[in-house]
Structures are given as structure tokens and as C-alpha cells.
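Okay, structure first, notes after.
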Amino acid sequence: MPEISSKGQLMPPSPIRKLVPYAEEAKKRGTHVIHLNIGQPDIKTPKLALDAIRNHNIEVLAYSRTEGSDAYREKLASYYAKHDIEVTAEDIIVTTGGSEALAFTMGTILDEGDEIIIPEPFYANYNGFATANGVKVVPIVSSIDNNFALPPISEFEKTITSKTKAILICNPGNPTGYLYNQEEINQLVHLVKKYDLFLVADEVYREFTYDNKQHHSILSQKGIENNAIIVDSVSKRYSMCGARIGCIVSKNKRVIQTAMKFAQARLSPPTLAQIAGEAALDTPQSYFDEVIAEYVSRRNVLVTELQKIENIKIAKPSGAFYCVVELPVQNSDEFAQWLLEHYSLNGETVMVAPAAGFYATEGLGANQIRIAYVLKKEQLVRAVAILKKGLAKYLSI
């Protein structure tokens, strides 16, 4: 039998999706599964985005431009200007989701064997994209004890070598929900200038900031115009995960020119989804005001209910819609699988994302889970009650 590639064998499974077969078996047994494992919002997609697809008069669904339509990129530039990010349409490449934006970015700035520094825990697919590009992830550990704030810059400096080419952050963070403050961004800006590194920021949760805190984009910072690259997406902002539309944004012309070659290899981003994305940019601020108020309420309910469980730690998020919880178990993968295979309360169980897959350092996160609070409050209350009783039973076995 022909041999599978080493790269393919090294590709890590998704901690978010790898338990799906067990969830499906639970459903076949008649157990209702409450999904806390995936960041699929239940918030309605803006009607104007859906109407733009319904009402189009396209007769031939043709390729779009490789970099995305002029109209969409011009409108994106106007959107960014409202967030103090001064860019032009020429600084933007539209991609098939934020995932492709990240893959193109890694391919553009990193060679095989190069190193990228990432504070952990981090979005699990960063590991996958790094593996696919033959890139080494150098993790810097952040702690649940301070809500996963930026680790000391001295820890970053210790890891910088001749192979280090970039630092990657997610702001606000997935899976932590941590929002970097201006001082933390300043420290990163100083570091990438000092060592002439790229600073890549996954800013897909930009709108979702709480407690009167402000998001600070790396492209709003002075002096790193050639260092800064944003990865972005419509998926969470407009509850349009299925549209698969994202983008790369950078003022570095060589980055954009090189990323274009990767984009040309896949021809073009989806035409209909760009139409929806363009229309979504007209979404009024009132939509976000309501959504943010809802997520703050959900977060508060989730944290309040979790605090009723003994011997756990909770990182209170100030952005996005994820929460990392440390449990009194040795292996959260086994616990999460047990919940699906062997436990139910009144015909229901919960599916969580084991957190070890959000770390690059072996052994870290083994007793943690990520919860996505994208469900209605009554479901969250019920889910935590199931988690509490399930955990008690699991510990008694």
C-alpha cells in the first residue's frame, strides 16, 4: 500500500470536532447533546446579507477576481477606517474564510523549518496550518490564574532565534476570550520592531469586547506598517460561518503581492458569499449592540453557574465567546468522551472541547476544557447543571 506523507501523519486532529462520532452515537441512542464545543453562534445572520443573495440577478455564476471584487474590498476598507485602521482596497485580499487567510499568510512569510511564536492556549488550527507548512510553533505559556493575559515579554525574547520569523496572536482570544490591552500591544510592537519580525493578528472577534474594554488592532499602531498582518473573517462578526469569507490585510506590499500568488493558485473566493459579505457591511451598530449585550449576559450566566461547581478554575473572558475551565480531572479528553458515551441527565448530556488540543506544549491543558457560550441562557444553565452532576459521578467512579 502506498505510504501516507509524514506531514499528513503529523497533522493534529481538531479538539473541537474529534469527538463528533461519539456525539452522533449518543444522539442515535436518543440522548440530546447540548453542544458547548463549537463556536457556531445561534444569533441570526443579518437579513440584508441573506436578502442580497436571494435578490441577486446573476445569470452566470462566474469566477470573481482572485483578490476579491473591487466593490467588496473598497467597502471593507471603509469598514476598517471606522475602526481606526487606515488601509486601501489594494491592501486587502479576500479569502475563503479566515482559515485560508491564515494558511496564505504562513505560506507567504514562513519557510519550512522557520519558527513562529504563539502564546498558548491558542486556536487549535494554528497547529494544523503550521504543520502543513513545515513550520515550528514556539509556544509561550499563559496562565488561567490571570485570565491568560499576555506572558512577560522576557519569555518571548528567550525563545527568539535566527529561525524566528513571526509572532501570532488572536485578539480577542480563542479559546481564552482574553482581550489584549494597549500596553500589551505596545510591548509586542516594540518586540517585533526590535527583532524585525512579522506580527500577525487574528482579529475575527474584533466587535466582541465587553466591560467597556476597547479592542486595539495591530494595524492601528504606528511604526510597524511593514510588520503587521491582520487575518479576518465574516464568520463570527455577522454569524455567517457558512459563507467562508475572510481576508488578509497588510500595508506591506510584498506580503500582499506574495499572498496573491497563493490566492491565484486557488483561483478565486466564492462569488455569492462576497455579495453577502458586502451587504453585511451595512449592518447597523444596533445589531452589534444587541449581540454584545446578549453575549455579556450569557457570559455572566455561564460564569455564575460554573462557580457553583467545587474545585474548578474559570478564566473570565472579556471578549469573543469562549471560556476556559480547569477541572479536577487528569484527562479532559477522557472525561469529555465519557460524558458522551456513558452519561446523561434526564436524557441529556453535554459536549465540550478538551483544551489540550489548544496547546502546543505536551501535557498542558490536559485538565481543561473550552466552553463556547453561543447558546441561549436557559440552555447554558441546563448544560452546566449536567456538567456539574456528570463531573461528580465521574470522580466517584
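The values are calculated or read from the model by the stated rules, or taken from the named source; none is laboratory data. These numbers were taken from a predicted model, which means no experiment stands behind them. Neighbour counts run over all protein chains shown; Cβ positions are idealised from the backbone, glycine included. To get the accessible areas, we keep the full protein, side chains included, count just its heavy atoms, and leave off ligands, DNA and RNA. Shrake-Rupley method; radii C 1.70, N 1.55, O 1.52, S 1.80 Å.
Before moving on, here are some points about what is shown:
- Accessible area expressed per residue, the chain, with surrounding protein chains retained (probe 1.4 Å, Å²): 44 Å²
- Rounded to the nearest 20, the Cβ-based charge dipole of the chain about its Cα centre (Lys and Arg +1, Asp and Glu -1) stands at 620 debye.
- Dividing the summed -39500 (n - 2.57) terms of all DSSP H runs of n ≥ 4 by the residue count of the chain sets its mean residue ellipticity at 222 nm at -12000 deg cm²/dmol.
- Once you reduce region 1-68 and region 119-154 to the center of their Cα atoms, the two points are 24 Å from each other.
- Protein accessible area in the chain, 1.4 Å probe - carbon and sulfur %: 50 percent
- Cβ charges +1 (Lys, Arg) and -1 (Asp, Glu), total dipole of region 1-148, debye: 900 debye
- Cα→Cβ-extended label distance, 7 Å offset, between residue 316 and residue 342, nm: 3.6 nm
- Computed extension gain for residue 143 through residue 389, at 0.36 nm per residue and net of the alpha carbon distance, reaches 85.9 nm.
- The convex hull defined by the C-alpha atoms of region 1-146 has an orientation-averaged projected area of 15.8 nm².
- Packing here is the average count of other Cβ atoms within 10 Å per residue, and on that basis the peptides 262-273, 198-209, highest first, run 198-209, 262-273.
- Lys/Arg +1, Asp/Glu -1 at C-beta; the chain dipole; positive extreme among 43, 95, 394: 394
- Computed from phi, the 3J(HN,Hα) profile of region 76-83 under the Karplus parametrisation 6.51, -1.76, 1.60 (θ = phi - 60°) reads 4, 4, 5, 4, 5, 4, 5, 10 Hz, with x in place of Gly and Pro.
- Separation in nanometres of the label points that stand 7 Å from Cα toward Cβ, at residue 47 and residue 293: 1.8 nm
- Cross-link reach list, lysines versus residue 308, counting only Cα pairs under 24 Å and skipping chain neighbours closer than eight places: 316, 376, 377, 388, 389, 393
- GluC sites (Glu not before Pro) restricted to DSSP loop in region 55-119 with at most 16 other C-beta within 10 Å: 59, 86, 112
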